[in-house]
Amino acid sequence: MPVKVQEADFDVGAEIAAFRRADPGIGAIASFIGLVRDVNEGDAIAGLSLEHYPGMTEKALAGIIDEAKQRWDIIDALVIHRVGALKPLDQIVLVVVSSAHRGASFEACEFIMDYLKTRAPFWKKEQTAQGPRWVEARASDDQAAERWHKG
C-alpha cells in the first residue's frame, strides 16, 4: 500500500528495502524523512501531537501520489505519516519515490512533500513552556507548493 498513516515509528531502511524489491526496473530512489524539531518560531518545543481525519487523510495522500504519477515518469511512491504524540527527533514522515532515472524521483519526491504540507488533512499541536498551541499553515509551504501549479 503506497500510503500508511500510523502511530508507530517506521524503519527507513526496511521500508526502502521492501519498496525497491517491488520492481527490477527501478534505477533510482529518492527519499525524504521529516523529523520533529525542538524549536519552532523561536520557542522550545517539548513535543507535538498530530491529528488526522481517518479515511480522508489516506485518500488525500493517495491523490497526491496519483498526481505525481501523472506528472512524472515514476514507477511508484510511498508515504508513511505518523500521528499521535511525538517528541523532538522523532520521525514524522517518510516519502519514497522510485523511477528509472534520478530526475523524476527527485522532482516527484519534492512535489509530494510540498503538496503533503499544504493539502493533507493533518493538524499539529505543539507543547511549549507557554502551553499548547496549534501550528498554523506557513506561507513558505504555500509558496513551495505554488511552483508546481500548472499554468
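Sort out for me the strands (runs of 3 or more DSSP E) sitting completely within the stretch 38-151 that have 1 or more residues that are touching a helix residue (DSSP H, G or I) at 6+ places or on another chain (Cβ under 8 Å) and hydroxyl-bearing (Ser, Thr, Tyr). Please lay out each step first, then the result.
Working: elements: 47-52, 74-82, 84-86, 91-99, 122-128, 131-134.
In the stretch 38-151, 91-99 are the strands (runs of 3 or more DSSP E) which contain 1 or more residues that are touching a helix residue (DSSP H, G or I) at 6+ places or on another chain (Cβ under 8 Å) and hydroxyl-bearing (Ser, Thr, Tyr).
Which residues, taken from the stretch 91-117, are touching an Asp or Glu at 6+ places or on another chain (Cβ under 7 Å) and more than 20 Å from Trp72 (Cα to Cα)?
Gln91
Got a number for residues in the stretch 93-123 being of a type outside the set (Val, Ile, Thr) and crowded, with 17+ Cβ neighbours inside 10 Å? Outline the logic, then answer.
In the first step, residues of the stretch 93-123 are kept if they are of a type outside the set (Val, Ile, Thr); the result is 94, 98-111, 113-117, 119-123.
Next, only the ones that are crowded, with 17+ Cβ neighbours inside 10 Å stay: 94, 98-99, 104-105, 107-111, 113-117, 120, 122.
Counting residues in the stretch 93-123 that are of a type outside the set (Val, Ile, Thr) and crowded, with 17+ Cβ neighbours inside 10 Å gives 17.
Would you please list the contacts, defined by Cβ atoms under 6 Å and residues six or more apart or on different chains, that run from a residue in the stretch 40-58 that is farther than 17 Å from Asp9 by Cα to a residue that is of a type in the set (Ser, Thr, Tyr)?
Correct list of pairs: Asp43/Thr128.
Can you tell me which residue within the stretch 66-86, out of those that are crowded, with 16+ Cβ neighbours inside 10 Å, closer than 21 Å to Glu7 by Cα and among the hydrophobic types (A, V, I, L, M, F, W, C), is farthest from the chain's Cα centre (by Cα)?
Step by step, filter the stretch 66-86, then rank; the result is Leu86.
Take Pro2 and tell me if it is closer than 19 Å to Met113 by Cα, open to solvent by 50 Å² or more (accessible area, probe 1.4 Å) and of a type outside the set (Phe, Trp, Tyr). Walk me through how you get there before you give the answer.
Working: closer than 19 Å to Met113 by Cα: yes; open to solvent by 50 Å² or more (accessible area, probe 1.4 Å): yes; of a type outside the set (Phe, Trp, Tyr): yes.
Yes.
When the residues of the stretch 21-31 are narrowed to those that are modelled with pLDDT under 95 and either open to solvent by 50 Å² or more (accessible area, probe 1.4 Å) or aromatic (Phe, Trp, Tyr) (or both), which ends up farthest from Ala120 (Cα to Cα)?
Filtering first and then ranking leaves Pro24.
Okay, residues lined up against (1) out of contact with any strand residue (DSSP E or B) (no Cβ under 7 Å at 6 or more places or on another chain); (2) more than 30 Å from Ala129 (Cα to Cα); (3) of a type outside the set (D, E, K, R):
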| site | (1), (2), (3) |
| --- | --- |
| Asp38 | no, no, no |
| Met56 | yes, yes, yes |
| Ala68 | no, yes, yes |
| Val93 | no, no, yes |
| Gly103 | yes, yes, yes |
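Hey, any hits in the stretch 11-20 for a residue that's crowded, with 16+ Cβ neighbours inside 10 Å and of a type in the set (Gly, Ala, Ser)?
Taking every residue of the stretch 11-20 in turn, none turns out to be crowded, with 16+ Cβ neighbours inside 10 Å and of a type in the set (Gly, Ala, Ser).
Starting from residues that are open to solvent by 60 Å² or more (accessible area, probe 1.4 Å) and among the small types (Gly, Ala, Ser), keep the ones in the stretch 32-52 and report whichever is modelled with the lowest pLDDT.
Of the stretch 32-52, the ones open to solvent by 60 Å² or more (accessible area, probe 1.4 Å) are 32-33, 35, 37-39, 41-42, 44, 46, 51.
Right, trim to among the small types (Gly, Ala, Ser) and you get 42, 44, 46.
Details: Gly42: 86, Ala44: 92, Ala46: 94.
Selected residue: Gly42.
The values are calculated or read from the model by the stated rules, or taken from the named source; none is laboratory data. Values in this document were obtained by computation on a predicted structure and should not be read as measured data. Neighbour counts are summed over all protein chains in view; Cβ atoms, including those assigned to glycine, are modelled from backbone coordinates with ideal geometry. These area figures cover heavy atoms from the full protein model, side chains too; ligands, DNA and RNA do not enter into them. Shrake-Rupley method; radii C 1.70, N 1.55, O 1.52, S 1.80 Å.
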